[in-house]
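A quick write-up on the structure given underneath.
The values are calculated or read from the model by the stated rules, or taken from the named source; none is laboratory data. What you are looking at is a predicted structure, and each value in this text was computed from that prediction instead of being measured. Here the Cβ positions follow ideal geometry from the backbone for every residue, glycine too, while neighbour counts run over all protein chains shown. The accessibility values were calculated without ligands, DNA or RNA, using every heavy atom of the protein model including side chains. Shrake-Rupley method; radii C 1.70, N 1.55, O 1.52, S 1.80 Å.
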Amino acid sequence: MTTYDYIVVGSGAGGGPLAANLAEAGHRVLVLEAGGVSDGYNYQVPAFHPNASEEADMSWRFFVRHYQDEAQQARDSKYRQEEGGVFYPRAATLGGCTAHNAMILVYPSNRDWDAIAEETGDPSWRGASMRRYFQRLENCRYRKIWRVVYRLTRWNPTRHGFGGWLPTEEASPLLLFEDKGLYRLFKRSVARVLASSNNVLTKWLGIAWFFLTAGDPNTWWTIERRTAGVRLTPLSRDRGARTGSRERLLAVAAKHPDRLTLETGALVTRVLFEDGNRAVGVEYLEGEHLYLADPAARPEAEPPPPRQVRAAREVILCGGAFNTPQLLQLSGIGPRELLERHGIPVRVDLPGVGANLQDRYEVGIVTRFDQPFSMLDGATMAPPEPGQPPDRQFVEWRDERRGAYTTNGAVMSVITRSRPEEPVPDLFLFALVTDFRGYYPGYSARVRAARRDLTWAVLKGYTRNTCGTVEIRSADPRQPPAVELNCFDEENDPDGSDLAAMVRAVQLVRGIAAGYGHRAEEVWPGLERVPDDEEAIARWVRDEAWGHHASCTCKIGREDDRMAVLGTDFRVRGTEGLRVVDASVFPRIPGLFIVSAVYMASEKASDVILAAARDAPARPAEHPVAAHPATQATQHSGGGEP
């Protein structure tokens with residue numbers, strides 16, 4: 001049994017940067033990742049992210065319930081009764097969900113951070129302080145003038161980061177000009193959005209602000225003023241290719257192989273404790289396709305014998321909003337009644353573990369045109385088949401890192417408020433050159449086949465529903481937990497504000513699409529199926545909405561908050577040497593796209609943990625650190641399929 005300073009369970013947006021930072025600071029860190037390292041073209045090419053979310057070698061298939069009522073649940077066209085829920089993609093690979101997400105990096109509102117500071121009494125979480133973590137991680141490449149100004153003068157009013165580990169780029173606006181059809185749609189869409197403002201001054205200020213900020217939702221000016229308007233879409237992308245936690249980990253592992261060990265194919269089953277509730281290590285199963293959410297898993301197969309590894313300092317759980325509460329519950333930390341029901345000895349009775357689950361609401365309105373977009377002419381939207389010539393778009397991406405495959409499909413976005421009284425913009429509307437109606441098994445085939453479709457995706461941020469739950473189904477660590485979202489719950493949202501906001505957003509999008517003229521037709525949901533009245537739209541939204549930003553299941557809170565799982569230092573209540581750093585830590589779902597907030601929380605956690613390490617010596621290592629017999633992740637050379 002080998003001992004490390006820190007064991008980090010999970011390699012996503014929370015665990016990846018954290019482990020890299022701890023190793024760079026001189027500590028011995030082991031990262032345990034249940035998945036493997038599938039870094040082929042579906043991972044690398046931004047346009048292939050739907051393929052990545054369904055690729056068998058790098059995905060887990062969760063099926064979640066939106067409603068407890070079976071009749072209401074069955075109204076969702078994406079519902080699979082045989083699976084008991086709606087498909088919810090999760091990545092099982094080095095890099096976690098940063099390996100299959102759409103790479104959209106939109107900064108949270110300062111109000112998100114201020115709310116945590118006010119709720120916990122910890123001022124270090126305030127928005128003005130948290131911005132430095134974004135600057136530390138970002139390497140902004142799309143604000144080139146300000147990049148030069150910063151390097152020459154150190155003046156940086158944008159408060160972008162220009163030297164961090166995460167390159168950020170914008171979906172190229174040049175693609176709009178290259179495709180005349182898209183360019184016409186862009187101009188008409190912008191005109192319709194601005195025309196929706198009845199105030200002439202507001203309209204012209206909106207135009208001026210767009211050009212002043214280059215449509216950037218992440219500049220400090222935009223964040224401070226909580227502005228709405230037409231935006232371009234920032235992506236976590238490195239010269240046209242996906243980048244994220246995986247690249248951060250691999251770079252540090254290559255530089256410090258004696259400090260950072262990456263073990264894949266390691267399904268952690270429980271946390272090990274000594275001297276009461278002091279975490280000293282973890283137990284895990286070594287092998288591929290062991291978790292039963294894995295499409296290649298064999299339920300009838302006998303699992304391998306468990307292995308153990310020790311941490312001289314701390315164990316840090318970074319498995320995400322579903323797997324972190326599951327692992328805590330399997331380790332005896334969670335609601336007493338749930339643990340006793342499954343025969344798990346109760347170590348710490350924490351009713352908040354797995355409670356407070358939150359997500360966005362999202363729907364897609366699909367318009368079909370009479371002619372295909374020229375940028376997709378001949379595109380397969382997939383890696384070339386063996387023995388077959390690649391399409392033109394793939395050659396452009398491979399040889400020049402340009403063209404349609406460098407984007408995630410987004411051509412423009414609109415950030416706006418569902419009501420004037422909303423304190424911050426709560427709607428993100430983005431146009432995708434594809435047909436996207438939500439997640440279901442095989443959905444990526446529809447995306448690949450689309451050539452003349454434009455989807456306006458409607459995303460509702462700051463949802464009021466906090467009634468979702470994550471609960472283990474048994475003491476078997478290979479079995480996925482039961483996930484209940486309890487969408488549009490009336491207990492949290494008695495006046496139906498979330499649903500009303502979605503209705504208004506759908507009407508706004510339909511108003512934009514009305515400007516496209518007779519050459520376009522709405523095919524989903526379609527005006528015949530869902531007439532343009534509030535009741536019909538509300539019924540359709542309730543039936544078809546989905547989410548993909550699960551969070552908040554191990555929330556930070558005050559000592560007197562019975563449902564709080566963590567302190568503001570990320571420590572699990574009632575334990576020593578155990579922390580959580582991932583999307584589950586937030587009391588309320590932040591921002592509009594959650595990955596930026598998780599990255600920032602990871603950077604903050606790094607500072608907190610390193611400060612604690614300076615104040616307290618490590619426990620003596622009972623077992624020397626030796627060469628780990630693990631399957632090591634290897635640096636990707638960038639040449640193509642592994």
Seminar exercise, completed: Flagged in the range 586-600 as assigned to a loop (DSSP other than H, G, I, E, B), among the hydrophobic types (A, V, I, L, M, F, W, C) and under 22 Å from S11 (Cβ atoms), in numbering order, are F586, F593, I594
Exercise. Restricting attention to the range 462-491, which residues are under 15 Å from V86 (Cα atoms) and acidic (D, E)?
Worked result: E484
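So is Y291 among the aromatic types (F, W, Y), part of a strand (DSSP E or B), closer than 30 Å to W165 by Cβ and open to solvent by less than 10 Å² (accessible area, probe 1.4 Å) or not?
On the way: among the aromatic types (F, W, Y): yes; part of a strand (DSSP E or B): no; closer than 30 Å to W165 by Cβ: yes; open to solvent by less than 10 Å² (accessible area, probe 1.4 Å): yes.
The answer is no for Y291.
How many residues does the range 349-397 contain that are part of a helix (DSSP H, G or I), of a type in the set (A, V, I, L, M, F, W, C) and open to solvent by 20 Å² or more (accessible area, probe 1.4 Å)? Show your work before the answer.
First, pick out the residues of the range 349-397 that are part of a helix (DSSP H, G or I): 374-376, 392-397.
Checking the rest, the ones that are also of a type in the set (A, V, I, L, M, F, W, C) come to 375-376, 394-395, 397.
Then keep just the ones that are open to solvent by 20 Å² or more (accessible area, probe 1.4 Å); that gives 375, 395.
Adding up the residues that qualify gives 2.
Answer yes or no as to whether Y41 is surrounded by fewer than 23 Cβ atoms within 10 Å (Cβ to Cβ), closer than 20 Å to A92 by Cα and either modelled with pLDDT under 95 or out of contact with any strand residue (DSSP E or B) (no Cβ under 6 Å at 6 or more places or on another chain) (or both).
Answer is yes for this residue.
Give the number of residues within the range 441-454 that are open to solvent by 40 Å² or more (accessible area, probe 1.4 Å) and either farther than 30 Å from F369 by Cα or at pLDDT 95 or above (or both). Step through it out loud before you land on a result.
Going residue by residue through the range 441-454, those that are open to solvent by 40 Å² or more (accessible area, probe 1.4 Å) are 441, 445-446, 448-449, 451-452.
Next, only the ones that are either farther than 30 Å from F369 by Cα or at pLDDT 95 or above (or both) stay: 441, 445-446, 448-449.
Matching residues across the range 441-454 total 5.
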Exercise. In the range 503-525, which residues are within 31 Å of the chain's Cα centre (by Cα) and over 13 Å from W456 (Cα atoms)?
Worked result: V503, R504
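Can you pull out every residue in the range 75-97 that is closer than 28 Å to A536 by Cα and open to solvent by 10 Å² or more (accessible area, probe 1.4 Å)? Please lay out each step first, then the result.
Start the filter on the range 75-97 by keeping residues that are closer than 28 Å to A536 by Cα, which leaves 75-81, 84-88.
R75, S77, Y79, R80, Q81, G84 - these are the residues of the range 75-97 that are closer than 28 Å to A536 by Cα and open to solvent by 10 Å² or more (accessible area, probe 1.4 Å).
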Exercise. Residue check, I537 against (1) open to solvent by less than 10 Å² (accessible area, probe 1.4 Å); (2) of a type in the set (A, V, I, L, M, F, W, C); (3) in a loop (DSSP other than H, G, I, E, B), all met but one. Which one?
Worked result: (3)
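Each row is one residue, and each column tells you yes or no for (1) out of contact with any Ser or Thr (no Cβ under 6 Å at 6 or more places or on another chain); (2) surrounded by 24 or more Cβ atoms within 10 Å (Cβ to Cβ); (3) closer than 25 Å to V595 by Cβ.
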{"site": "A312", "(1), (2), (3)": "no, no, no"}
{"site": "I316", "(1), (2), (3)": "yes, yes, yes"}
{"site": "P335", "(1), (2), (3)": "yes, no, no"}
{"site": "E340", "(1), (2), (3)": "yes, no, no"}
For this session: Give just the number: which of (1) open to solvent by 10 Å² or more (accessible area, probe 1.4 Å); (2) under 19 Å from the mean Cα position of the chain (by Cα) does G15 not satisfy?
Result: (1)
Exercise. Of the residues that make up the range 98-109, is at least one farther than 26 Å from G36 by Cα, open to solvent by less than 40 Å² (accessible area, probe 1.4 Å) and in a helix (DSSP H, G or I)?
Worked result: no
Problem set entry | Given (1) at pLDDT 95 or above; (2) open to solvent by 30 Å² or more (accessible area, probe 1.4 Å); (3) not small (G, A, S), index of the condition D57 fails | (1)
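This table checks each residue for (1) of a type in the set (V, I, T); (2) at positive phi; (3) touching a helix residue (DSSP H, G or I) at 6+ places or on another chain (Cβ under 8 Å).
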{"site": "G84", "(1), (2), (3)": "no, yes, no"}
{"site": "A91", "(1), (2), (3)": "no, no, yes"}
{"site": "M103", "(1), (2), (3)": "no, yes, yes"}
{"site": "V106", "(1), (2), (3)": "yes, no, yes"}
{"site": "Y133", "(1), (2), (3)": "no, no, yes"}
{"site": "R141", "(1), (2), (3)": "no, no, yes"}
{"site": "K144", "(1), (2), (3)": "no, no, no"}
{"site": "R147", "(1), (2), (3)": "no, no, no"}
{"site": "P157", "(1), (2), (3)": "no, no, yes"}
Problem set entry | Failed item, numbered, when T120 is tested on (1) under 30 Å from E559 (Cβ atoms); (2) buried (at least 16 other Cβ atoms within 10 Å of the Cβ); (3) free of Cβ contacts under 8 Å to residues at least 12 places away in the same chain | (3)
Exercise. If you check every pair at least six apart or on different chains, which have Cβ atoms under 7 Å apart with a residue in the range 84-110 that is in contact (Cβ under 8 Å) with a residue 12 or more places away in the chain and under 18 Å from W546 (Cα atoms) first and a residue that is among the β-branched types (V, I, T) and assigned to a strand (DSSP E or B) second?
Worked result: G85/V64; V86/V64; Y88/V64
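Taking the range 4-29 as the region of interest, how many residues are of a type in the set (A, V, I, L, M, F, W, C) and in contact with a Ser or Thr (Cβ under 6 Å, 6 or more places away or on another chain)? Lay out the reasoning, then the answer.
From the range 4-29, those of a type in the set (A, V, I, L, M, F, W, C) are 7-9, 13, 18-20, 22-23, 25, 29; that's our starting set.
Within this subset, residues satisfying the condition of being in contact with a Ser or Thr (Cβ under 6 Å, 6 or more places away or on another chain) are 13, 18.
Matching residues across the range 4-29 total 2.
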Exercise. Which of the residues spanning the range 455-486 are within 20 Å of the chain's Cα centre (by Cα), part of a loop (DSSP other than H, G, I, E, B) and charged (D, E, K, R)?
Worked result: R464
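Every residue, every condition in (1) modelled with pLDDT under 95; (2) under 21 Å from E421 (Cβ atoms); (3) open to solvent by 10 Å² or more (accessible area, probe 1.4 Å), yes or no:
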{"position": "P494", "(1), (2), (3)": "yes, yes, yes"}
{"position": "I512", "(1), (2), (3)": "yes, no, no"}
{"position": "R529", "(1), (2), (3)": "no, no, yes"}
{"position": "D543", "(1), (2), (3)": "no, no, yes"}
Exercise. Mind checking whether some residue in the range 561-569 is in contact with a Leu (Cβ under 8 Å, 6 or more places away or on another chain), buried (at least 17 other Cβ atoms within 10 Å of the Cβ) and over 24 Å from T120 (Cβ atoms)?
Worked result: no
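Given A410, A505, A457, A482, which one is hydrophobic (A, V, I, L, M, F, W, C) and open to solvent by 10 Å² or more (accessible area, probe 1.4 Å)? So that I can check it myself, show each step before the final result.
Details: A410 fails: open to solvent by 10 Å² or more (accessible area, probe 1.4 Å); A505 fails: open to solvent by 10 Å² or more (accessible area, probe 1.4 Å); A457 fails: open to solvent by 10 Å² or more (accessible area, probe 1.4 Å).
Criteria check complete, one pass: A482.
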Seminar exercise, completed: Counting only residues that are open to solvent by 10 Å² or more (accessible area, probe 1.4 Å), touching a residue at least 60 places away in the same chain (Cβ under 8 Å) and not basic (K, R), the range 550-560 contains a total of 0
For this session: Check whether at least one residue in the range 140-154 is within 17 Å of N218 (Cα to Cα), touching a residue at least 60 places away in the same chain (Cβ under 8 Å), open to solvent by 10 Å² or more (accessible area, probe 1.4 Å) and out of contact with any Lys or Arg (no Cβ under 9 Å at 6 or more places or on another chain), and report yes or no.
Result: yes
